[in-house]
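Worksheet for the structure shown next.
Each reported figure results from applying straightforward, stated rules to the coordinates on display, with no laboratory input. Not measured: the values here are computed from a predicted model. No Cβ is skipped: glycine too gets one built from the backbone with ideal geometry, and neighbour counts run over all protein chains shown.
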Amino acid sequence: MNTRQIKDTIAHKSMFLICLLVLNLALLIAWGLYRRAQPILATKSLGELLLNSTWHPGSGQFGLDGFILGTIWVTGIAIVIAVPLSILTAVYLAEYAPRKLSHLIKPVIDLLAGISPVIHGVWGVITIVPLVRDYMMPFFTEKLPFLPFSSDNYTGFCALTGGIVLAVMIFPIIISVVCEVLHTVPAEIREASLSLGATKWQTTKLAVLRKVYPGLVAAVILGLSRALGETIAVLMVAGCSLFALPKSFFDPAYPLPALIANTYGEMMSIPLYDSAVLLAAFILLLLTTLFNVAGWGILLRLERSRC
Amino acid sequence: MSGQSHISVKNLNIWYGKQHALQNINLDIPNKKLTAIIGPSGCGKTTLLKSFNRLLDLQDGFKISGKVLVDGEDIYDPKVEVTHLRKKMGLLSQRPCVLPMSIYENVAYGPRLHGIKDKRVLDEIVERYLQEASLWSEVKDRLHQPASRLSIGQQQRLCLARGLAVEPEVILGDEPTSALDPISAERIEQRFMELKGKYTMVIVTHLLRQAKRLADYIVFIYLGQVIEHGPARELFEKPKDSRTKAYVEGSFIEGYANQYVI
Ligand SMILES: Nc1ncnc2c1ncn2[C@@H]1O[C@H](COP(=O)(O)OP(=O)(O)OP(=O)(O)O)[C@@H](O)[C@H]1O
Ligand SMILES: [Mg+2]
């Protein structure tokens with residue numbers, strides 16, 4: 001063997017090893033979390049942990065219900081706000097905007113994606129919290145004085161605030177994935193539809209978006225999984241205190257990631273405490289992985305079945 | 001020129017950015033005849049064809065001067081409704097491009113856009129135009145399957161049916177057989193022969209033999225200019241311009257065209 005071939009073999013083998021290492025790291029994390037969550041799973045049934053809302057570690061109560069519900073509230077609100085707005089933005093950028101304009105805006109959107117979550121959190125505290133506290137909450141509690149609009153949390157730190165801040169954080173990812181996906185649609189599809197006398201909007205709605213429908217789903221799922229895992233910004237604006245189950249937009253919500261970040265490392269003398277928190281982490285990891293795999297799976301399938 | 005022209009082009013100039021793709025085109029496309037546009041690659045055939053239904057409007061940096069009259073009306077007049085114009089000018093593209101839906105939905109797509117909702121009327125339209133494109137017998141049992149499962153030749157006939165279903169007056173074809181195998185191509189050609197008296201047809205083709213077989217009228221373009229146009233027989237047998245003569249004889253530009261002749 002000459003040296004060129006030796007180098008080639010070394011490069012090949014070492015890249016394979018590195019790849020294996022990275023993959024194993026992910027598995028190791030999952031396995032580690034599971035191991036550490038084992039003690040609580042051994043003493044309590046899954047129903048007792050997941051269908052129970054009392055979180056009182058001091059007295060051995062570890063119901064994760066409130067946190068799971070908090071996660072659902074905050075991510076749900078974020079998705080409902082972000083999906084229509086960001087899909088329409090992407091459609092505008094990819095289909096309607098003059099090329100120059102979209103070339104100008106795209107980097108700005110990528111820039112937004114890179115902003116540190118803590119900045120979003122600060123921005124939320126400065127602007128969204130007062131907005132919700134001084135305008136939205138009084139408006140809703142007066143006009144719609146029932147659940148899920150009424151609440152006795154008048155601070156502005158609530159599920160809605162968390163959802164709005166999260167929505168802003170997932171805009172860029174959904175917009176850029178949808179833009180990418182729209183660029184995979186061959187120009188011929190648009191020409192075919194237009195030359196039958198369709199308007200631009202008809203073409204976009206009936207032919208283009210239909211063509212990329214799985215891609216839209218994938219974009220939403222990727223946004224969702226990002227929202228599920230987001231911690232610090234939510235921690236700063238969503239209230240994150242657990243008095244009762246969050247029932248209203250304006251109740252404080254305490255999602256899983258916030259719970260983990262807030263409590264892990266404290267009060268570890270309480271038996272089973274760390275195990276419960278790590279179970280929460282394990283659940284979070286499972287959920288995020290699931291959504292990511294589904295999202296990318298759909299995207300790949302779409303790519304393979306291109307016109 | 002004969003008074004029987006359907007599309008007239010007057011002093012047409014087209015630019016892509018700085019590139020002057022079509023220069024000073026004057027042309028009359030005869031009514032209810034098949035006109036073939038021939039010329040070497042990159043000479044502007046597609047550009048001319050797409051200028052007839054304003055699909056070029058989608059291109060960045062596209063600029064136009066001069067007039068294209070369809071039925072005596074300038075289609076680049078700002079008052080013209082582009083959707084109406086495009087409905088009038090059916091387009092068959094180089095690669096068949098089915099819409100991402102079923103066979104049935106592909107044909108019903110156009111009529112639906114233009115307001116036909118009645119299921120029975122749509123059923124009739126779908127059957128009639130699939131027949132007209134001689135595809136009906138092959139697909140009548142699987143109308144609701146995705147159109148993308150059809151073979152390429154069947155897809156092109158589906159595109160033809162889809163285009164006919166909006167009842168155009170003109171059929172534009174951009175090398176409509178170039179992606180097809182010889183048998184499928186022949187079937188499309190046969191359809192064209194039968195449709196000739198009913199529609200004004202403008203077909204871009206690379207194949208001189210195809211132009212000879214199908215066309216009543218020929219337009220020869222070279223480097224963005226119309227060099228010669230006239231009735232097919234005349235142009236093939238007694239070309240006036242030396243460049244046309246060379247092209248139809250296949251001795252043009254270092255053998256470029258040779259592969260297409262005999
Ligand atoms: N969107 C565009 N932007 C810039 N230049 C273009 C564009 N479309 C076409 N051109 C240029 O305009 C000229 C004419 O192109 P056109 O597609 O009309 O040629 P054609 O005769 O159809 O060629 P072919 O037989 O290969 O299809 C070519 O030089 C081409 O490079
Ligand atoms: Mg062409």
Over segment A:37-134, what is the mean sequence separation of C-alpha contacts under 8 Å (at least six apart), divided by residue count, expressed as relative contact order in percent?
11 percent
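For segment B:31-79, give the magnitude of the charge dipole about the Cα centre (Cβ charges: +1 Lys/Arg, -1 Asp/Glu; no others), in debye to the nearest 20.
Numbers: 8 positive and 6 negative charges, 44 e Å.
Roughly 220 debye, rounded to the nearest 20.
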If the only charges are +1 at each Lys and Arg Cβ and -1 at each Asp and Glu Cβ, what is the size of the charge dipole of the protein assembly as shown around the Cα centre, to the nearest 20 debye?
1080 debye
For segment A:288-297, just list the computed ³J(HN,Hα) in residue order, Karplus coefficients 6.51, -1.76 and 1.60, θ = phi - 60°, integers in Hz, with x standing in for Gly and Pro.
5, 4, 4, 5, 5, 4, 4, x, 5, x
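Among the listed pairs B:LYS79/B:LYS117; B:LYS63/B:LYS87; A:LYS211/B:LYS33; B:LYS140/B:LYS198; B:LYS88/B:LYS117; B:LYS140/B:LYS196, give every one whose C-alpha distance is greater than 31 Å. Walk me through the numbers on the way to the answer.
On the way: B:LYS79/B:LYS117 28 Å; B:LYS63/B:LYS87 23 Å; A:LYS211/B:LYS33 36 Å; B:LYS140/B:LYS198 25 Å; B:LYS88/B:LYS117 20 Å; B:LYS140/B:LYS196 26 Å.
Flagged as over cut-off: A:LYS211/B:LYS33.
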Would you work out which of A:GLY58, A:LEU41, A:ILE6 lies farthest towards the positive end of the dipole of segment A:1-63? Charges go on Cβ: Lys and Arg +1, Asp and Glu -1.
A:ILE6
Around B:ILE37, which amide H atoms from residues at least 5 apart in sequence, or from another chain, sit under 5 Å from its own amide H, with H modelled in the peptide plane?
B:ILE203, B:VAL204, B:THR205, B:VAL219
Show which lysines lie in cross-link reach of B:LYS245 when reach means a straight Cα distance below 20 angstrom and same-chain residues fewer than eight apart are skipped.
B:LYS45, B:LYS212
Between beta-carbons, use under 15 Å as the cut-off and find the net charge around A:LEU166, counting Lys and Arg +1, Asp and Glu -1.
0
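Nothing charged except the Cβ atoms of Lys and Arg (+1) and of Asp and Glu (-1): what's the magnitude of the dipole of segment A:34-306 about its Cα centre? Round to the nearest 20 debye. Could the numbers behind the result be given before it?
Details: 18 positive and 15 negative charges, 185 e Å.
Approximately 880 debye in magnitude.
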How large is ³J(HN,Hα), in whole Hz, for each residue of segment B:54-62 in order, when computed from phi with the Karplus curve 6.51 cos²θ - 1.76 cosθ + 1.60 and θ = phi - 60°, using x for Gly and Pro?
6, 6, 5, 3, 6, 6, 6, x, 6
Sequence-distant residues sharing a close amide H with B:ILE227 (under 5 Å, placed H)
B:PHE220, B:ILE221, B:TYR222
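Under a Cβ-Cβ cut-off of 14 Å, what is the net charge of the residues other than A:LEU93 that fall near it, where Lys and Arg count +1 and Asp and Glu count -1? Could the numbers behind the result be given before it?
Values: positive: A:ARG99, A:LYS100, A:LYS106; negative: A:GLU95, A:ASP110, A:GLU180.
Within the 14 Å Cβ shell, the charges total 0.
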Place +1 on the Cβ of every Lys and Arg and -1 on the Cβ of every Asp and Glu in segment A:34-306, take the dipole about the Cα centre, and give the residue among A:ILE128, A:GLY156, A:VAL83 whose Cα lies farthest towards its positive end.
A:VAL83
Return the sequence-ordered ³J(HN,Hα) values of segment A:157-168 in whole Hz as given by the Karplus equation 6.51 cos²θ - 1.76 cosθ + 1.60 applied to θ = phi - 60°, using x for Gly and Pro.
8, 8, 4, 4, 4, x, x, 5, 5, 4, 4, 4
Counting alpha carbon pairs within less than 8 Å and at least 6 residues apart, what relative contact order, in whole percent, applies to chain A?
27 percent
Using the charge dipole of the protein assembly as shown (Lys, Arg: +1 at Cβ; Asp, Glu: -1 at Cβ; taken about the Cα centre), state which of A:TYR254, B:CYS97, B:SER178 has its Cα farthest towards the positive end.
B:SER178
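I want the local charge near B:VAL248. Using Cβ-Cβ distances under 15 Å, sum +1 for each Lys or Arg and -1 for each Asp or Glu among the other residues.
Working: positive: B:ARG209, B:LYS212, B:ARG213, B:ARG233, B:LYS238, B:LYS240, B:ARG243, B:LYS245; negative: B:GLU228, B:GLU234, B:GLU237, B:ASP241, B:GLU249.
Cβ neighbours under 15 Å give a net charge of +3.
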Which cross-chain or sequence-distant (5 or more) residues have an amide H under 5 Å from the amide H of B:ASP74, H modelled 1.01 Å from N in plane?
none
Hey, which aspartates and glutamates would be in cross-link range of B:LYS240, C-alpha to C-alpha under 15 Å, not counting anything within fewer than 8 residues on its own chain?
B:GLU228, B:GLU249
As straight-line cross-link partners of A:LYS44, the qualifying lysines (C-alpha separation under 30 Å, not fewer than 8 residues apart within one chain) are A:LYS247
Sort out for me the Cα centre separation of segment B:1-64 from segment A:28-97, rounded to whole Å.
60 Å
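Return a whole-number percent for the relative contact order of chain B, with Cα pairs under 8 Å and 6 or more residues apart as the contact set.
On the way: 478 pairs, mean separation 67.2, N = 262.
Computed over chain B, the figure is 26 percent.
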